[in-house]
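Single-structure report; data block below.
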Amino acid sequence: MLATALLLLSTATTVSPCIDEVTVRDAPTVTAKRLGALSRGVEVELLRTSDARDTLTLTIDRNVPAPFRVKLEDWWLEVALPADAGAARGWVFGGVMCRQAFPPKERWLTVLGWSADGTKVAFIEKATDSFACGWGRPATLRVIDVVTGAQLDSLSDGCPAADLFLSRRAELEAVLSRHEVRPEWTSTTATEPLKAELARCRRGACVARLRDPRGVLRAEAPLEPPDADVPGARAEVVLLASRSGARVAFVRVQWNEETHRFFAIRLSDTRGASSSRMSDGPVSPGVSNLKSPDDLPGVRFTSTDPMCGTLAATTKDEAAAKALATLEGELRRRMKRFFGSEGVCLLGKSREGTALVLDLVGDACVGNECPAGPCKTKLEFTIGPDFTVRQERKLRYEGWSCSP
């Protein structure tokens, strides 16, 4: 189902307090003169950050079930103050400030940071339509691989005692560190007319696609809906971020009136179908190089003689290796669901237009004394040039042999 893109053009980065009240000072230190205070939810323009980080230990004791202490390391932020503040600008400690949220009226999405190569992004999504927890509505930190659209990690607060950015700060920072995501205070946004659609929503899986006004496919990614039946699901682009010469679309998928989910995926270059990469190097989704000898962009499978264990392949660069690793993880998950183990055996490969078709069986199905039932079947996966599984089929496996 198509939904009109809601693309935002940011002229200034705004931040707001995550706690009830934040002190404003005339210099980036706790010993500086106090200029006033900002209340929770008040948005102010971010002017610049301090040259070095500072560390503060705070006790959060207002509007929480029980006081808790949190140690925060962050930059000081110089912000433009409201007209009635008595000063034009002042400094606030970044550790107690919430980053820019998109869209502003709904405050669904807050981008926290990126990996150095721009292939991973971390953001917090809030269930703004849930008032079960009062102000502190349920929120989830997600780390997404923007090349494949796959989720790499998540951290939820359920019914939070305070903002996720504070109440689970140590865990949040550990997740960011694990994926080498560096927090940033600004998010450069751009505009481009894009439409989002959901396709093939069946058997507990959907495919989200992004197209330009000419109908050209710019990106696609697989999604797992919360329920098998999602007849009323719809998708829309809510933010288009510019990053290292590439563009990343943040898409909100609303499965029903109560449940939504965000994912992020990099857009492909549209300069021509012969380009299998974006100008900055990493593998990009949605575009295939038809003349390339690669099975997938930057990837060549080296064995189809039933090779068990891992998908034997060579990769051209780090981006292709990461995309292949994500694909292999997805295939292993699907194999385990059917065969009961994550081991894979690659039986064969073929081409269908721009797509690659892989035939796989479980590792228990090659050799003697294998379980005859599941091993009468092989799984056929159609893989798009963006490293996503476009189709999964169950076919009869003629080569099984379970004789001792």
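Throughout, read-outs are computed from the coordinates displayed, never taken from laboratory work. No experiment lies behind these values; they were computed from the predicted model shown. We place every Cβ from the backbone using ideal geometry, glycine too, and count neighbours over all the protein chains shown.
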Theoretical FRET efficiency, 1/(1+(r/R0)^6), r = Cβ-Cβ of Thr186 and Glu342, R0 45 Å, to 0.05: 0.65
Rounded to one decimal in nm, the spacing of the 7 Å Cα→Cβ label points at Glu258 and Thr55 is 4.4 nm
For Lys376, list the aspartates and glutamates whose Cα falls under 19 Å from its own Cα; do not include residues on the same chain fewer than 8 positions away. Asp305, Glu342, Asp359, Asp363, Glu392, Glu398
Scattering profile of region 74-119 at q = 0.22, 0.25, 0.30 Å⁻¹ [log10 I(q)/I(0), Debye over alpha-carbon scatterers]: -0.95, -1.00, -1.01
For Arg34 and Lys376 in the same chain, what is the full-extension length gain: residue separation times 0.36 nm, less their Cα-Cα distance, in nm? 115.7 nm
Determine, for each peptide in 164-174, 107-117, the mean count of other beta carbons within 10 angstrom over its residues, then list the peptides with the highest first. 107-117, 164-174
Spelling it out for Gly343: with amide H atoms placed in the peptide plane at 1.01 Å from N, the residues 5 or more places away or on another chain with amide H under 5 Å from its amide H are Asp363
What FRET efficiency, computed as 1/(1 + (r/R0)^6) with R0 = 51 Å and r the Cβ-Cβ distance, is obtained for Glu173 and Glu352, rounded to the nearest 0.05? 0.70
Stretchable slack from Glu392 to Ala116, in nm (0.36 nm times residue separation minus alpha-carbon distance): 96.0 nm
